[in-house]
Amino acid sequence: MPISRRDLLRLAVAGGGVAFAVGDGTCEPGARQPRTAGTATFDRALAIPPVAKSSVDADGRRVFDLTAHAGTREFVPGQRTSTWGINGDYLGPTLRARRGEWVRINLHNELGETTSLHWHGMHLPAAADGGPHQPVDPGQTWSPGWEVKQPATTLWYHPHPHGRTEKHVYRGLAGLFVIDDDVESALTLPRRYGVDDLPVIIQDKRFDGAGQFDEAEHGPTGLLGDTLLVNGTLNPYRQVVTEKVRLRLLNASTARIYNLGFADGRRFQLIGTDGGLLATPFATDRIQLSPAERAEVVVSFRPGERVVLRSYPSELHTVGIMSRLAGGDDTFDVLELRAARTLAPSADVPARLADVPRPDGADATTIRSFRLSERQINGKKMKLDRIDEVVRRDSTEIWEVTNQHAQPHSFHVHDVQFRVLSIGGGAPPPELTGWKDTVYLPPETPVRIIMRFADYADPNVPYMYHCHLLLHEDAGMMGQFVVVEPGQEPGKPGHHHDG
Ligand code: C2O
Ligand code: CU
Ligand code: CU
């Protein structure tokens, strides 16, 4: 069904005048609406990102060496696509460290332009955060270090250069950062990486006629592809050799929101979200992930069966055709899991996972409110030299975040893992009861989050909060906060080169 002129007018009003090519064939809804579930050929073995090599230095710190560089990859048979990658042609290795360890990362930039590398979901000093205030120029090496001080979970890393994040991520700069701890290690969960514990990094791409990534076509929420890659593999399948498999799902797409489930409707156990394990596993048949959100799930298999992970139409809670324009009606095959004839036994998922007490908000000393509209937060576009919020170290705060716009948006806060106190005044659903660093914002629905800003203060170097639809972030839907010592005044942010 073509978009009518009336729809476009309504969209222009609702979307705040987002520009839209009319009469350009590529903007026909058919062309931008992949509904390809059921058609994948699953003819390529799923790539598993290698675990990054590390060494321990004289100070006992675990050291990783990363190099960002350009390359090529044959995603589509017979076509070499120009890509970016870290220690490889596309994506980067899986970093792994244990709670209590000190890490140091040497990031060397061999790209032809300035980038940065942000440790998404990591609790760390602002100067190590890798946001827009820690640019790494071509030929330079940046070496942040910090102590890992948070529970076992699946974090990730990606560039964050001011105004260029969407392109840098789309070209291939991203990877997982897995944190281990004693709580998780003591549980009977699948944890053999690449065997019964599989990374699943989901990204959508659009290939142009020459087999190159098409970066040109943008809808109101950004770049939407018609082709999925999982860990950089097109049409992937994966052999399963155990009765249960843990999938570490990461939406590393720039704009697309996935609503994941299995083609046969089977249920799976959600065991963890962005920042750690849930208190108890939650059995469900769907998990929706907006860009940057993660979920750890455990799936059970019978010998010999083939099971397809799919992305179903998503629940964006937008009005009119906005969902369609944001890719909400699209469907995809993600990955086929092929169980072997005999499967090694797996233990049951424990009934209790981690200690995640329900927050009640009583300890919060400050409430702030954030309104997202157009491509702004609280009526302002991001400015590198403006501090928007000043937070006191070791304080607990409630942030009420509202999407006052007809478009889908999300909210991500650096440095912390938060808990969702309420959505539209009601209790959060089970999948939002654990640690989160990114949350989808249905329009006109206040989302209250609560978090503690522990350990680190730096009046001069801000952390970011922003919509994680990267087009929006790049366009200025982002703000900056500093954490200061009690009584300390905020400083003046500038560019800080550490190494
Ligand atoms: Cu995933 Cu500010 O980033
Ligand atoms: Cu982040
Ligand atoms: Cu947004």
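Gap in Å between the Cα centre of segment 216-294 and the Cα centre of segment 319-348?
Rounded to whole Å, the Cα centres lie 7 Å apart.
Students often get this wrong, so check it: of K149/K436; K381/K492; K167/K436; K167/K244, which have C-alpha atoms separated by over 27 Å?
Numbers: K149/K436 16 Å; K381/K492 18 Å; K167/K436 25 Å; K167/K244 36 Å.
Checking Cα-Cα distances, K167/K244 exceed 27 Å.
Can you give the Rg to Rh ratio of segment 342-499, both from alpha-carbon atoms, with Rh computed by the Kirkwood formula? Intermediate results must be reported in sequence, preceding the final value.
Values: Rg = 17.7 Å, Rh = 17.0 Å.
On the Cα set of segment 342-499, Rg over Rh gives 1.04.
Report, in whole Å, the centroid distance computed from the Cα atoms of segment 367-417 and segment 170-188.
27 Å
With the Cα gyration tensor of the chain giving a ≥ b ≥ c as the square roots of its eigenvalues, does the rule (a/c under 1.5 for rounded; else a/b larger than b/c for prolate; else oblate) give rounded, prolate or oblate?
Values: a/c = 1.25, a/b = 1.07, b/c = 1.17.
Verdict is rounded for the chain.
What ranking do 464-477, 150-163 get when scored by the average of other Cβ atoms within 10 Å per residue, highest first?
So the order, starting with the most tightly packed, is 464-477, 150-163.
How big is the dipole moment of the chain about its Cα centre under a simple scheme where the beta carbon of each Lys and Arg is +1, that of each Asp and Glu is -1, and everything else is neutral? Debye, nearest 20, please. Walk me through the intermediate numbers first.
On the way: 54 positive and 62 negative charges, 182 e Å.
Charge dipole of the chain: 880 debye, to the nearest 20.
So, by mean Cβ neighbours within 10 angstrom, what's the order for 408-416, 315-323, 218-226 with the highest one leading?
Per-residue mean Cβ counts within 10 Å order the peptides as 408-416, 218-226, 315-323.
Taking only DSSP H segments of four or more residues, each worth -39500 (n - 2.57), what value at 222 nm results for the chain once the sum is divided by all its residues, to the nearest 500 deg cm²/dmol? Don't skip to the end; give the middle numbers.
Numbers: 5 runs with 30 residues, N = 499.
For the chain, the value works out to -1500 deg cm²/dmol.
How high is the relative contact order of the chain, in percent, counting Cα pairs under 8 Å that sit 6 or more residues apart? Don't skip to the end; give the middle numbers.
Details: 1369 pairs, mean separation 78.4, N = 499.
Averaging sequence separation for qualifying contacts and normalising by length gives 16 percent for the chain.
Every read-out reported here was derived from the displayed coordinates using simple, explicitly stated rules and does not represent laboratory data. All of these numbers come straight from a predicted model, not from anything done at the bench. Note: ideal-geometry Cβ built from the backbone for every residue, glycine included; neighbour counts use all protein chains shown.
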